[in-house]
Amino acid sequence: MKNIVKRAPLIAIIIAIITGALMVSGFNVAVSETNTESFCVSCHEMEINYEEYKDTVHYKNRTGVRATCPDCHVPKEFGPKMAAKIRAAKDVWHHLLGTIDNEEKYEAYRLTMAKVVWKQMEETDSRECRVCHTVESMAFEEQQGRAARKHKKMAETGKTCINCHKGVAHELPEDYDESEDS
């Protein structure tokens with residue numbers, strides 16, 4: 001019995017290490033599984049914008065490169081990724097409430113949802129876009145004139161991808177007023 005009492009701290013440490021390792025592993029699996037396109041579109045609220053996305057160059061294009069929901073909506077770095085996951089918890093709440101449980105409600109909230117995403121993209125200098133699209137790697141001579149001029153000027157003016165590319169992966173809301181961006 002005394003032998004067990006003497007070993008109790010060691011046993012407790014071993015149990016704590018095993019428990020910690022299991023918790024970290026479980027956390028990593030949960031984060032990984034919630035960063036998949038199949039997870040993103042598993043809620044019926046996402047069916048509408050998923051169908052729109054399938055008609056864009058980010059889904060199907062001549063090069064076969066596809067940007068999935070998490071590529072555009074979930075940061076790669078741990079801190080920003082966790083902040084995005086916490087913000088996304090509201091989506092689960094609204095799913096349970098049925099806030100957007102049909103196309104009519106989706107359209108009613110489309111502009112509000114879009115503005116939230118656009119604001120986040122502006123605040124992060126379109127960080128997720130720039131994982132694939134870097135100004136330094138752009139071949140301006142292969143772009144159409146206006147696009148080449150705008151991309152060259154982007155860095156000088158403080159503009160970011162989303163300032164010009166709203167509606168590139170999802171339809172613009174009907175009540176979107178482009179003049180508000182000026």
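The values are calculated or read from the model by the stated rules, or taken from the named source; none is laboratory data. The shown structure was predicted, so the numbers you read here are calculated from the model rather than taken from an experiment. Here the Cβ positions follow ideal geometry from the backbone for every residue, glycine too, while neighbour counts run over all protein chains shown.
Some notes on this structure:
- Checking residue 26 against (1) closer than 17 Å to residue 165 by Cβ; (2) outside the structural domain of residue 132 (by TED's automatic domain parsing), the condition it does not meet: (1)
- The residues in region 66-95 that are β-branched (Val, Ile, Thr) and either touching a residue at least 40 places away in the same chain (Cβ under 8 Å) or not assigned by TED's automatic domain parsing to the domain that holds residue 128 (or both) can be counted, and the count is 1.
- The residues of region 126-149 that are touching a helix residue (DSSP H, G or I) at 6+ places or on another chain (Cβ under 8 Å) and of a type in the set (Val, Ile, Thr), listed by number, are 131, 135.
- Residues that are assigned to a helix (DSSP H, G or I), in the same structural domain as residue 133 (by TED's automatic domain parsing), surrounded by 13 or more Cβ atoms within 10 Å (Cβ to Cβ) and at pLDDT below 95 are absent from region 54-65.
- Residue in region 26-34 that is of a type in the set (Gly, Ala, Ser), more than 25 Å from the chain's Cα centre (by Cα) and assigned to a helix (DSSP H, G or I) present: no
- Scanning region 115-138 for residues that are closer than 12 Å to residue 163 by Cβ and of a type in the set (Lys, Arg) gives a single hit, 119.
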